[in-house]
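Data first, discussion second: the structure below is written as structure tokens.
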Amino acid sequence: MVSYPTKFWKRKSFKLIVLYAFKNHKKILQVESQNRMKCRCSECDSEITIPKDAVEGEIVTCPDCGLEFELSFDKDGKCNLKIAEIVGEDWGE
Amino acid sequence: MKTGESEKPSLAKKLSIVFDRTRWEEKALIKAARRKRIQTNLIDAKNICFDLNARYDAEAYGDVVLQRCISYFRGLHITAVLERNGLQVVNSFDTSLVCGNKLFTSLALAKAKVPTPETYVTFTPEAALDVLDKIGYPAVIKPVIGSWGRLVSPIKDRATAEAILEHREQMGSSLLQIHYIQEMVKRPPRDIRMIVMGDEVVVAIYRSAPADTWRTNVALGATTTKCPITHQLEEIALKAARAVGGGVLAVDSMESPNGPVVHEVNSTIEFRGAAAATGVDIAARIIDHLLNILKK
């Protein structure tokens, strides 16, 4: 009967995964950053990272100048930023 | 059904959410509808173009439309068109119209004998000063349309009243020439918000004003804690909700020395604070409420 180590970090498969992640961490991080969409601020040209779970109509803020944009996606799934409407006197609940 | 528990798949039902800004609440509603496997059509109000001679049916707008526009007038007018086409909108045009205007809300509450703060309306600064002199200071002046505590001002003395009324005249908005004046209710530094859906009070929370401020709007930094739903509060909340036409509503009340008084009923409710304070999945409860409407 083959006996396996009880602790998961002692298993060979786990060690192989860790080794793969260590060797390829740059590539993995690059893929991760490519998955996140980026847009440019129309005011100050800073890069704005769009959160992965962002949805149409959500407000994103430029990290540098603080301008607020409304997020939309075109047919190809590419993100577009439009300067958000300012608070109107009839806004609220 | 327990809060947050998913229902049987109901793919045949279609829900539309009309929005113009995706707040935390809209994201929660979309997630809740998806969890319950409701086909959800998201309609950005800013892209809508209605042909008033055309017909819009459930095929395009779903079996029920949830109106979530942050702009009161935009939402109200869209609801008018959709209801004219025979579509079911939550909240209805009548409810939205009344709740969006503090004067109309006060009239509806008074008619239904719901306790409210002493309230006066005048249409000139002179008449406003006369009534303020009569009821005494401090008092509160509010815009009839508006939210998040915007331009809600305490009037501590006649000089402040004169200054505020002058500012209102100069601001140019016709709505600000309607002076909605209320007694300053002697209350603890908090109010009570009750979320009502149909004939049920789902949650109640205290909204406590931040230090050194008096307004209790979450948008202004108020903190929220769970409030027990007493029989008295439940009765008042349901009465107020019925008075404005019913639906998914947030009834705001203050603890006056003579018992709770209702000062506002909100129609496009924000519930992030209430969800955090109570742990109730309010978005899921709203979707359940819509499904119940469809079953009727």
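Per residue, the convex hull spanned by the Cα atoms of the range B:104-157 amounts to 101 cubic angstrom.
Using Cβ contacts closer than 10 Å as the measure, can you line up B:Ser253, B:Ser208, A:Ser46 from fewest to most?
Details: B:Ser253 27, B:Ser208 16, A:Ser46 13.
In order of increasing Cβ crowding within 10 Å: A:Ser46, B:Ser208, B:Ser253.
Give me the mean projected area, in nm² to one decimal, of the convex hull enclosing the Cα positions of the range A:9-83.
Details: hull surface 28.2 nm².
Mean projected area for the range A:9-83: 7.1 nm², to one decimal.
Give me the extension gain from B:Ala112 to B:Asp212: residue separation times 0.36 nm, minus the current Cα-Cα distance, reported in nm with one decimal.
Numbers: separation 100, 0.36 × 100 = 36.00 nm, distance 3.54 nm.
Once the chain is fully extended between B:Ala112 and B:Asp212, it gains 32.5 nm.
Computed about the Cα centre, the dipole magnitude for the protein assembly as shown is approximately 2560 debye when only Lys and Arg (+1) and Asp and Glu (-1) carry charge, each at its Cβ.
Across peptide B:18-26, how many C-beta atoms of other chains are within 10 Å of each residue C-beta, on average? Present the calculation step by step, with values, prior to reporting the outcome.
Values: counts 0, 2, 4, 7, 8, 3, 1, 1, 4.
Average neighbour count from other chains, rounded to a whole number: 3.
Its residue count N fixes a reference of 2.2 N^0.38 Å for the protein assembly as shown, and the Cα radius of gyration divided by that reference is 1.18. Under 4 °C and 1.567 mPa s, how fast does chain B diffuse according to Stokes-Einstein, given a Kirkwood radius computed over C-alpha pairs? Answer in µm²/s, whole number. In µm²/s, the coefficient rounds to 64.
Cβ-to-Cβ counts within 10 Å put B:Met184, B:Met194 in ascending order as B:Met184, B:Met194, the fewest first. Principal-axis analysis of the Cα atoms of chain B puts helix B:72-84 at an angle of about 40° to the longest axis.
How big is the dipole moment of chain B about its Cα centre under a simple scheme where the beta carbon of each Lys and Arg is +1, that of each Asp and Glu is -1, and everything else is neutral? Debye, nearest 20, please.
1000 debye
The angle between the Cα long axis of helix B:102-111 and the longest principal axis of the Cα atoms of chain B comes to about 90 degrees, rounded to the nearest 10. So for the protein assembly as shown, taking the charge dipole from beta-carbon charges (+1 Lys/Arg, -1 Asp/Glu), which of B:Val18, B:Pro143, B:Ile78 sits furthest toward the positive end? It is B:Val18.
Mean per-residue shielding of peptide B:71-82 is 2, counting Cβ atoms of other chains within 10 Å of each Cβ. Multiplying the residue separation of B:Glu200 and B:Asp57 by 0.36 nm and subtracting their alpha-carbon distance yields 48.5 nm.
When a footprinting reagent is the concern and you count Cβ atoms within 10 Å, what order do B:Lys111, B:Lys102, B:Lys46, B:Lys142 take, fewest first? Display every interim value, and only then the final one.
Values: B:Lys111 9, B:Lys102 23, B:Lys46 16, B:Lys142 20.
The most exposed by this proxy come first: B:Lys111, B:Lys46, B:Lys142, B:Lys102.
Give, in nm to one decimal, the length gained when the segment between B:Leu103 and B:Ala163 is fully stretched (0.36 nm per residue of separation minus the Cα-Cα distance).
So the chain would gain 19.3 nm between B:Leu103 and B:Ala163.
At what distance in angstrom do the alpha carbon centres of the range B:132-168 and the range B:58-108 lie from each other? If we compute the Cα centre of each part, the gap is 29 Å. FRET efficiency for the pair B:Arg84 and B:Lys296, taken as 1/(1 + (r/R0)^6) with r the Cβ-Cβ distance and R0 = 30 Å, rounds to 0.90.
When the Cα positions of B:Gly247, B:Leu233, B:Trp214 are compared along the charge dipole of the range B:201-260, B:Gly247 comes out farthest toward the positive end, with charges on each C-beta of Lys, Arg, Asp and Glu. When the Kirkwood radius is taken over all Cα pairs of the range B:187-267, what Stokes-Einstein diffusion coefficient follows at 10 °C and 1.306 mPa s, in µm²/s? So the translational diffusion coefficient is about 126 µm²/s.
What is the packing order of peptides B:47-57, B:17-27, taking the mean over residues of other C-beta atoms within 10 Å and listing the highest first? All intermediate terms of the calculation are to be shown ahead of the outcome.
Numbers: B:47-57: 9.4, B:17-27: 20.3.
In decreasing order of mean packing, B:47-57, B:17-27 become B:17-27, B:47-57.
With a Förster radius of 35 Å applied to the C-beta separation of A:Ile86 and B:Asp133, the computed FRET efficiency comes to 0.40. Here the label points at B:Lys46 and A:Ala21, each 7 Å from Cα along the C-beta direction, are separated by 4.0 nm in the simple model.
Bear in mind these aren't lab numbers, they're just calculated from the coordinates by the rules spelled out. Quantities reported herein were computed from a predicted structural model and do not represent experimental measurements. A quick note on method: Cβ atoms are made from the backbone with ideal geometry, for glycine too, and the neighbour counts reach across all protein chains shown.
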